[in-house]
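Take a look at the structure below.
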Amino acid sequence: MMMGEGSVGALVPSVKAESRTTSATTATETALAIVSAEATTTRMVELGGEIDKDLLCPICMQIIKDAFLTVCGHSFCYMCIITHLNNKNDCPCCAHFLTSSQLFPNFLLNKLLKKTSARQIAKTASPIEHLRQALHQGYDASVKELDSLLSLLAEKKRKKEQEEAESNMLVLLDFLHCLRKQKVDELNEIQNDLQYIKEDINSVERHRMELYRTRERYSLKLRMHLDEPPASKGWPSSTDKQSSGLMSSARSLQGGIGSGNFQKKKADIKASISSQGLQRKEAFSGSESQSVIQSGLAVARKKRIHTQFNDLQEYYLQKRRNLASQGHKQEERDMNTIKREGYHAGLEDFQSVLTTFTRYSRLRVIAELRHGDLFHSANIVSSIEFDRDDEFFATAGVSRRIKVFEFSSVVNEPADAHCPIVEMSTRSKLSCLSWNKYTKNQIASSDYEGIVTVWDVTTRQSVMEYEEHEKRAWSVDFSRTEPSMLVSGSDDCKVKVWCTKQEASVLNIDMKANICCVKYNPGSSFHVAVGSADHTIHYYDLRNTSAPLHVFSGHRKAVSYVKFLSNNELASASTDSTLRLWDVKENLPVRTFRGHANEKNFVGLSVNSEYIACGSETNEVFVYHKAISKPATSHEFGSPDMDDTDDGAGSYFISAVCWKSNSPTMLTANSQGTIKVLVLAA
């Protein structure tokens, strides 16, 4: 091998430029000839003619175009046979030796083909085509005949234009009818909505007047109590006046002592009257200040309504329309509700949402603590959970420790006194915790080695260790209805169900993607929701795991958390920066929540009956009302211990959140190891 060849490397073989040009020209001409022949054949077939096989080229199987005859007596398209002879020197029909010099034009066949084509066209040609051909062939028509023909054509043209205009009008009319129907449907819907609103306004006004009258009655009673002297026993009678007069005159005869007592009593009465007046003034001034505060809160709540007006409007109309679309039995049930409370069920549901949504506007910090060493990098809190009675809460994370704190101490004692009352060490980093809701001292954990452990918090020892998972276990959850059962999910694409009374798993579900989260339905020990890296949520009945009851699709990335708000409502979080609410009873998507940022980390998810809380990779906690798709409020974690210019300050994210049961209070933690107790406030 030459050095030049080695440096360049192997080249793709290519033909010479001249031969390539010739071949390209020939190929182009052949292609054009074939296309022309196909067009002719198609034309004759469309005209209803039967094509004789003898008129077809044996090579392209189309009507022969520019026929040439070989010495062996076969006819071909000129371009077809020339192309063939460039590759082989034989006849395509009989394999006789053949060269391009042995080809001769077949004039007779060409003439025959032209006549055949013209005859086929003439058979099916329209009168217009016949007229055009006659005029082209020099037909001599008189002026009168041409005028008559022009008049006929003009009349025909006007008729066609009229028909075309009518057709266009029909199309336009059809469009307008469809548009009218659509707008009428919209108008009917708006009228129905207006009727709902009118009914609800009347109901609310009636209810408001009842509340106003009740308030006035209470105010009147309050004024009467304030006006009445405490020792008053009614107006004295005339006999009492006379006896009191005699007694006073008798006392006056005894000297100045009686007079002094009388003056003293008079002063006491004046003091009593003035003190009652002062109490009355204080009562009224207190009510006035309270009304000012109430009016200020009302203004703030109205502002929150206008901020999320579109979402609230959609929720209200959805509730009212769903109520109207239900059956007669439901209407009777609703009539009983109206008679009893003055509200439709839909309005009552909406009022509950409106009340809870507008009640809070911010998150207030009531306590804060550090989870680990300030200068230690492994401070991420992966999971934070309250115990059964909300008396204690536990934290776990990459520090390989489970720490249990007393909630009241964290809230009430100074920040420097926050120490865990229990601390348990583990072999691996922890990913998730779950308290047993029946056995107060029992808690389960999952770790990065795939081990699921059940701990006794009292003895600080592990009760059971399950090591069947082959990869990192991301999630574990105790059943609320069957306290001895728990479920876990892992990167090994397996969901395992365990019993604290057995040393091995009692059930195994193999899936196709990594498992990121698992959760028992709070009302059932058989139903489990599983979120995975395939962007879906599988909802299983553990009594038959051959196929899920339903697969909820909608997220665009991995599903990192699943939590139940109720037996039928399931919330999910994903690294597509959305939360979603699902109805597991009807197998339907309900709502999508957007506002936080989550593209790669586990940022936490927690729910209660009304609110959904999650973290964000912007180091913020977001709270959503389950009926509104936009955040109700948020709180940003600061970094007081770090300089704002530090490059690492912006890399922190919320890593865990947990609501306190039936309370506006929550626990939140971030990747820096800071834990805050937040409460929803007005």
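Overview of values
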{"read-out": "Distance histogram in 10 Å bins (all Cα pairs of the range 53-137, percent per bin)", "value": "17, 40, 21, 14, 8, 0"}
{"read-out": "Sorted peptide list for 58-69, 83-94, 310-321, criterion being average Cβ within 10 angstrom, highest first", "value": "58-69, 310-321, 83-94"}
{"read-out": "Peptides ranked, highest mean first, by Cβ atoms within 10 Å: ranges 397-405, 180-188", "value": "397-405, 180-188"}
{"read-out": "Lys630 paired with Tyr438, simple spin-label distance in nm, labels 7 Å along Cα-to-beta-carbon", "value": "4.5"}
{"read-out": "Probe 1.4 Å, all protein chains present, accessible-area order of Ser616, Ser100, Ser505, largest first", "value": "Ser100, Ser505, Ser616"}
{"read-out": "FRET E, pair Leu297, Ile197, Förster distance 22 Å, beta-carbon r, rounded to 0.05", "value": "0.35"}
{"read-out": "Per-peptide average of other Cβ atoms within 10 Å, ordering 538-544, 168-174, 73-79 highest first", "value": "73-79, 538-544, 168-174"}
{"read-out": "Dipole moment magnitude, nearest 20 debye, the range 41-184 about Cα centre, only Lys, Arg, Asp, Glu C-beta charged", "value": "260"}
{"read-out": "Subset of Lys429/Lys494; Lys512/Lys563; Lys557/Lys630; Lys53/Lys114; Lys123/Lys159 violating a 25 Å alpha-carbon distance limit", "value": "Lys123/Lys159"}
{"read-out": "Check: the range 404-529 dipole with +1 on Lys, Arg Cβ and -1 on Asp, Glu Cβ, in debye", "value": "360"}
{"read-out": "Gain on full stretching of the segment that runs from Ser167 to Lys114 - 0.36 nm per residue minus C-alpha separation", "value": "15.0 nm"}
{"read-out": "Positive dipole terminus of the range 53-137, leading residue within Ile63, Leu112, Gln133 (C-beta point charges)", "value": "Gln133"}
{"read-out": "Accessible-area value, Thr99, 1.4 Å probe, nucleic acids and ligands omitted, Å²", "value": "40"}
{"read-out": "Check: the range 53-137 dipole with +1 on Lys, Arg Cβ and -1 on Asp, Glu Cβ, in debye", "value": "320"}
{"read-out": "Backbone HN-Hα couplings from phi across the range 433-445 [Karplus 6.51/-1.76/1.60, Hz, Gly and Pro as x]", "value": "10, 8, 6, 6, 7, 10, 8, 4, 8, 10, 9, 10, 9"}
{"read-out": "Rg and Dmax [Cα atoms of the range 396-489; Å; Rg one decimal, Dmax integer]", "value": "13.9, 44"}
{"read-out": "Average silhouette area of the range 489-554, convex hull of alpha-carbon atoms, in square nanometres", "value": "4.6"}
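The values are calculated or read from the model by the stated rules, or taken from the named source; none is laboratory data. Keep in mind that this is a model prediction, so the values were computed, not measured. So basically every Cβ, Gly included, is an ideal-geometry build from the backbone, and we count neighbours across all protein chains shown. Surface accessibility is based on the protein's heavy atoms, side chains included, excluding ligands, DNA and RNA. Shrake-Rupley method; radii C 1.70, N 1.55, O 1.52, S 1.80 Å.
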